[in-house]
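Here's the structure we're looking at; comments come further down.
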C-alpha cells in the first residue's frame, strides 16, 4: 500500500464497511475492491478519470448488479470510514451514539443472562 501511496488502513476500513461485512458473512455477490476501483487502471479518487472520483461515483455504483438508479447524494457516502474515528458531521455523531447504545444493550443483556443463570441454579437447588 505504501508503495502506491494508498493509505494503509484502506483494507481495514473496507472490512468494516457494509460491503466488507457482507463479504465476511460469505456473501459472494457483494462488491469487493475491484468492483469500485477497477483492476488495471486504478487511480486516486482525486483523479477525474478514476472510477471513484466524486463525479464518477454515481455511475460506478449504478452499474448493473450493484445499485441501479442510485442518486448522486447516496453515491457520495463515505465507504472507507474509520469506525473508531470521531467525525464532526451529524451522521458521525448519530453513529457514535448508536454504537454506545448497542454496547450498553449488550452489556445489560450479559448482566441479565448471568443473573438468570444464578436464579435458575437457586430454583433448581431449592
**OP:** Look at residue 19 and say whether it is surrounded by 10 or more Cβ atoms within 10 Å (Cβ to Cβ) and part of a loop (DSSP other than H, G, I, E, B).
**Re:** no
**OP:** Could you please let me know if residue 60 is in contact (Cβ under 8 Å) with a residue 12 or more places away in the chain, in a loop (DSSP other than H, G, I, E, B), in contact with a helix residue (DSSP H, G or I) (Cβ under 9 Å, 6 or more places away or on another chain) and closer than 26 Å to residue 5 by Cβ?
**Re:** no
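Residue under question is residue 52, and the condition is that it be in the same structural domain as residue 4 (by TED's automatic domain parsing), loosely packed, with under 10 Cβ neighbours inside 10 Å, in a loop (DSSP other than H, G, I, E, B) and at pLDDT 85 or above; does it hold?
Judged against the criteria, residue 52 is not a match.
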Subject >> residue 5 vs. criteria at pLDDT below 85 and exposed (fewer than 10 other Cβ atoms within 10 Å of the Cβ) >> reply: yes
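The values are calculated or read from the model by the stated rules, or taken from the named source; none is laboratory data. Keep in mind the model is a prediction, meaning the values are calculated, not measured. Neighbour counts are summed over all protein chains in view; Cβ atoms, including those assigned to glycine, are modelled from backbone coordinates with ideal geometry.
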